[in-house]
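Below is one structure; the comments refer to it alone.
The values are calculated or read from the model by the stated rules, or taken from the named source; none is laboratory data. Since the model is a prediction, treat every value here as computed from it, not as a measurement. Positions of Cβ are generated from backbone atoms using ideal geometry, with glycine treated the same way; all protein chains shown enter the neighbour counts. For the accessible areas, the whole protein counts, side chains as well, though only heavy atoms, and no ligand, DNA or RNA atoms are used. Shrake-Rupley method; radii C 1.70, N 1.55, O 1.52, S 1.80 Å.
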Amino acid sequence: MAEIGPVDYMIVAFPGNKFRGEIAPALADLVDAGTIRIIDLAFVGKTAEGETIFFELNELDPDVQAAFEQAGVEINGLFNEEDLQAAAEELEPNSSAALLVWENLWAARVAQAIRDAGGELLDFERLPHEVVQAARDAALANA
């Protein structure tokens, strides 16, 4: 069996429970290009009263559901109830979040080459957009 490439996850909050699926077409583009493979997707939320809710893809608005299905989302149950509860605890009332796990197909070959060469990943961190943008703005201002 082939080893899986690097895997990432994210939790994206939507204040005001305004999640409508606009990210699905962008994800579908990445899937279609062979850049990523979506491994799992889950949704959590809090009502205005602060009650925690969990919902599946098939419980979303039909248009949102169709957009994610078109993006090739695989629901593999990687998120357990504890994961969903932990994500929900971080939410403000009247907000929701999408939890997403994906394989970075673009990096699978180099990751396998590193493993084959006996390499071990010591650290990996994604830099926040705001940090990179501020550094770029400062560099441009000083140029």
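Stretch Gln133-Glu49 to full length: gain in nm at 0.36 nm per residue minus the Cα-Cα span?
This chain segment gains 26.6 nm when fully extended.
Over the range 1-136, what is the relative contact order in whole percent, taking alpha-carbon pairs under 8 Å and six or more residues apart?
Relative contact order for the range 1-136 comes out at 40 percent.
Okay, which of the range 1-33 sit inside 18 Å, backbone N to the point 7 Å along the Cα-Cβ direction of Ala117?
So the set is 5-6.
Ignoring GluC sites (Glu not before Pro) that are buried or in helix or strand per DSSP, and keeping those with at most 15 other beta carbon atoms within 10 Å, what is the longest stretch of the chain between them?
Of all site-free stretches, the longest is 91-119.
Just subtract the alpha-carbon distance of Trp106 and Asp83 from 0.36 nm times their residue separation and send over the number in nm, one decimal.
5.6 nm
Out of Ala86, Ile39, Ser96, whose Cα points farthest toward the positive end of the dipole of the chain (charges: +1 Lys, Arg; -1 Asp, Glu; placed on Cβ)?
Of the candidates, Ile39 comes out farthest on the positive side.
Given a 1.4 Å probe and heavy atoms of the protein chains only, how would you sort Lys18, Lys46, largest accessible area at the top?
Descending accessible area places them as Lys18, Lys46.
In a GNM of the chain with a 10 Å cut-off on Cα contacts, which of Asp116, Asp32, Asp83 has the highest mean-square fluctuation?
Result: Asp116 has the largest fluctuation of those listed.
Using the Cα atoms of the range 85-124, I'd like the radius of gyration and the largest Cα-Cα distance, Dmax, both in angstrom.
17.1, 49
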